[in-house]
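All remarks here apply to the structure that follows.
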Amino acid sequence: MTDSIGNHELSLALDYVQYTCQNVFLTGKAGTGKTTFLHTLKNQCPKRMIVVAPTGVAAVNAGGVTIHSFFQLPFGPIPPDHVEPGGSLGSVRPGSHYRFSRQKIDIIRSLDLLIIDEISMVRADLLDGVDAVLRRFRPGDKPFGNVQLLMIGDMQQLAPVVKEDEWQVLREHYETMFFFSSLALRQTGMVSIELKHIYRQRDADFIDLLGKVRNNCMDDAALTLLNQRCQPEFASKGPEGYITLTTHNHQADRINAARLADLPGREKRLRATVEGDFPPYAFPTVEELVLKPGAQVMFVKNDSSPEKRYYNGKIGRFKNIRDDALMVECPDLSEPIAVEQAEWKNVKYTINAETKAIQESESGKFIQYPLKLAWAITIHKSQGLTFDKAIIDARAAFADGQVYVALSRCRTLDGLVLSSPIEQRSIKSSAVVEAFVQTIDQDSPGPEQLQSARRDYQLALLDELFDFSQSWRCLLTCIKIANEHKSILLGATPSFFGGILEPVKDQIMGVADKFAIQRASITNTRDPESCPLLQERVCKAVAYFDEKIKSLVLSPLSAVVVETDNQEVRKILTAAIDAARTQATAKQYCLDSCRSGFVFADYLKTRSLAQFQKPADRPGQAKAGTPVPDTVAHPELFQLLKKWRLETATKADQPAFWVLHNAVLAAIANQLPATPSELVGIKGLGGKKGKTYGAEILGMVAEYCRKKAEG
């Protein structure tokens, strides 16, 4: 990973994400490479993933989307008692917010990895809301729908925002509002990996000082060293090249406006271009950039050109406009930088129609010069930035970690100036967070735990490959629907599905249980990929189960005809059969990928694509001329009767079943009544219907029997 590839913790985190299914909390002090890790992982990891963040700006910076927009969650509290069994949210659901598109459902169902950036700002109830949505659309009822989580952030930086009235609603469910109090996360657990190597700062004394601020363990010597940087008169002059970090927006806005007004010359107003869907809350910089020659500005984006002339947080002074480029002078460069407009994309996740890969597509674009006035900025908005020179105004620090975030933006202690002394009481941290952080070092995983987790993941995937319970549940749904409507069904009857269930139970489910026991004894100590005996057994099992799925499930379900006069029943049962066939096809696709043995990387890809495999043909709606259920002894007569029924109903301007139900037609085609007494003995023809249509029906039966005898 660039110059970080040798970093042990980064390598460990990368291996855990790529080769295990355990949830990972990646943390570390400011400047330890968390953002670099995220961008490297997106380009390197083979798992199907999406990136989300709690705020719009954080999502844009991470190249992802907001948690609320992707999972369509409300902004208010989400109490666990408002989450229904099966994962859908209850009374907090505002209707239209929960109409998920087919595209988004496909993404959720095929997801391997969910990356959540800036996890320190994510509330516990919001994380449980994510769990609810994932469970809603994924099979089983495992935490987070069995999707792996990678949570990135520093708990000693910005905390989640929770209003007092919201906490009153949630406090009876949660110990704290931090993400680690999530009920779903406690069910599944996580491994925590802390990045140790700091790339932003080089000075050991400054690094030690920041560590004491971060951990709220400032001693008198450290506080004295820090406050030696307090220079109120120097700070009040707003020296060139320094940016002031304040606690509140109004302070930063006031400083910038005043300093801009003091400059001579006319204002230049440069308005951003917004294309497509790019909501204002996600704007990465100001929509209208107001400048004067001499204005101190800060770059808000890294230079994408090969020259790398500027970076996010670099300070300079606006000189003039030349050929639509803003000329910015920086003290470390002999020539001004010609700054052109930059683009930020609002990302939307879609499924590629051909490859079925999850891909980032552009739903909107924000085009603006990558600059903003930089005499002052809030500490909150400075998170993730790096400054060579900064004035810290932390007198009104109100949030946990705020002082640490401000100080840690600076590369060196010499480049830091305090406008007022830092008092011990201003260095705030949460006792709950401190207790949580202490457990990270104690529970930090090593190579042995990684190897064990890697093996467990392979075994879980192998067990999943030979788990046919989902197909079984689909078949049970079919027989349940058939039983509920058996009096009006032909073809897809309870007895038909019973004829499928029994052999599936014996020849698939029973054999799979025995194979699971055998597999467990073979892989007692070895990984599946490196066990020749297991690979041999896998190949044989794949061949066996593939044939059984084809002959016992797919073949009969492909041939069955749903014959009923009730359109709603036909729709429901056809959908259930379609689901059973789709599930069997997906399982067959996974099995086929392992005909030559189980290969972890290949199977992982196949597993994600399996849900997009569709049966070659779908069970059609039964109409005249379509196949007749095999329970009908004389299908040709049955088709003749259906045609007659349709013509009769059309003349009367009535639906077909108003004449006679399918079950009555089937009984006629089975019993071949030759006399009025035989006809009225058929259920449905003993009353008015028999008198109205009896003669026509007997005539059709007689004509059919005559032709059959002759030919």
Confirm whether E547 is at pLDDT 90 or above, over 26 Å from T585 (Cβ atoms) and among the acidic types (D, E). no
Residue identified as touching a strand residue (DSSP E or B) at 6+ places or on another chain (Cβ under 9 Å) and within 30 Å of L604 (Cα to Cα) among S444, S430: S444
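Take the residues of region 194-215 that are among the basic types (K, R) and outside any helix (DSSP H, G or I): which is surrounded by the fewest Cβ atoms within 10 Å (Cβ to Cβ)?
R202
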Considering (1) without any contact (Cβ under 8 Å) to a residue 60 or more places away in the chain; (2) farther than 27 Å from L38 by Cβ; (3) surrounded by 13 or more Cβ atoms within 10 Å (Cβ to Cβ), say which one M218 fails and leave the rest. (1)
Which numbered condition in (1) on the phi < 0 side of the Ramachandran plot; (2) at pLDDT 90 or above is the only one that V161 fails? (2)
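Do any helices (runs of 4 or more DSSP H) lying entirely in region 426-506 carry at least 1 residues that are charged (D, E, K, R), free of Cβ contacts under 8 Å to residues at least 60 places away in the same chain and in the same structural domain as C594 (by TED's automatic domain parsing), and which ones are they?
Details: elements: 431-442, 447-465, 469-484, 494-504.
By residue number, 447-465, 469-484, 494-504.
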Looking only at region 314-347, which residues are assigned to a loop (DSSP other than H, G, I, E, B) and over 23 Å from K365 (Cβ atoms)? K314, C330, P331, D332, L333, S334, E335, P336
Answer yes or no as to whether G56 is of a type outside the set (A, V, I, L, M), on the phi > 0 side of the Ramachandran plot, in the same structural domain as G145 (by TED's automatic domain parsing) and surrounded by 19 or more Cβ atoms within 10 Å (Cβ to Cβ). no
So, in region 648-681, exactly how many residues are crowded, with 18+ Cβ neighbours inside 10 Å and more than 57 Å from the chain's Cα centre (by Cα)? 2
Filter result for the condition that a residue is crowded, with 17+ Cβ neighbours inside 10 Å, in contact (Cβ under 8 Å) with a residue 24 or more places away in the chain and assigned to a strand (DSSP E or B), over L114, L158, L134: L114
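Looking at region 466-485, is at least one residue of a type in the set (A, V, I, L, M, F, W, C) and more than 30 Å from N566 (Cα to Cα)? Step through it out loud before you land on a result.
First, the residues of region 466-485 that are of a type in the set (A, V, I, L, M, F, W, C): 466, 468, 472, 474-476, 478-479, 481-482.
Next, only the ones that are more than 30 Å from N566 (Cα to Cα) stay: 466, 468.
Looking through region 466-485, at least one residue is of a type in the set (A, V, I, L, M, F, W, C) and more than 30 Å from N566 (Cα to Cα).
The values are calculated or read from the model by the stated rules, or taken from the named source; none is laboratory data. The model shown is predicted, which means the values in this text are computed figures rather than measured ones. Counting neighbours? That spans all protein chains shown, and the Cβs are built from the backbone with ideal geometry, glycine included.
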